[in-house]
Amino acid sequence: HVSAPLQLPEGYRISAECDIYLSDGRSITPDQRRKAWALLGDIANYNGDDGKALNETLKAKFCAEHGVEHFSLSNADRTTAREYITFLINFCLAWDIPCYDSLLNRTDDIDRYLYLCLYHRKCCLCGKKADLHHVDTVGAGRDRRKIHHLGLLSEALCRKHHNEVGRIGQQTFDDKYHIYGIKLDEILCRRLGVPA
């Protein structure tokens, strides 16, 4: 079968871009619903807002940014719920909103949470201002301000937790808190001000 190329009127062109959203078909879990409402409650308490009205405002912002249709926390699919929880966590980290419980306990996506903590320089355990902790040790004689950080495993830890990992060792620390290092990419290197 041979087909001729499509002839379009002058000034018209075909775009090769499209957005596709696939529903995973699984309903939001009760745990996801609790996490989302707990985060909304923390944000509402901080702002002095009504949680339900705030939810609608933040959902509209989330839907616009992620290109998804309006949803309800009573019947969202699991993927949308997971993305919305991550969106709320990012909002809390970006605006330094204190939360009743550690965001580590509220996350539904540990990788993205640990990444966001590095991005916002917030301790992934307690939410305080964080230092860049090198899981991949830099080693003696190497200037950490000059070495290339791209691809190095790192964690965002406050001074207290940074000292603790030094006392008990990396593996024991990571096992105790159920965390792990995230590879620094170009975005994180630029954001953290370290050489890529």
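For a 27 Å ceiling on Cα separation, which of these pairs sit above it: K59/K183; K128/K176; K35/K128; K59/K160; K160/K183?
Flagged as over cut-off: K59/K183; K59/K160.
How large are Rg and Dmax for the stretch 37-195 when calculated on the C-alpha trace, in angstrom?
Rg then Dmax for the stretch 37-195, in Å: 17.2, 56.
Can you compute the FRET efficiency between D50 and R78 using 1/(1 + (r/R0)^6), with r the Cβ-Cβ distance and R0 = 35 Å? Round to the nearest 0.05.
So, using R0 = 35 Å, E works out to roughly 0.85.
How much length would be gained if the chain were fully extended between R33 and Q171, taking 0.36 nm per residue of separation minus their Cα-Cα distance, in nm to one decimal?
Using 0.36 nm per residue and subtracting the Cα-Cα distance, I get 46.4 nm.
What is the gain in length, in nm to one decimal, between K183 and I110 on full extension, counting 0.36 nm per residue of separation less the C-alpha to C-alpha distance?
That works out to 24.9 nm of additional length.
Local charge sum around T29 (other residues, Cβ-Cβ under 11 Å, Lys/Arg +1, Asp/Glu -1)?
+3
No lab work stands behind these numbers, since they all come straight from the coordinates. Since the model is a prediction, treat every value here as computed from it, not as a measurement. No Cβ is skipped: glycine too gets one built from the backbone with ideal geometry, and neighbour counts run over all protein chains shown.
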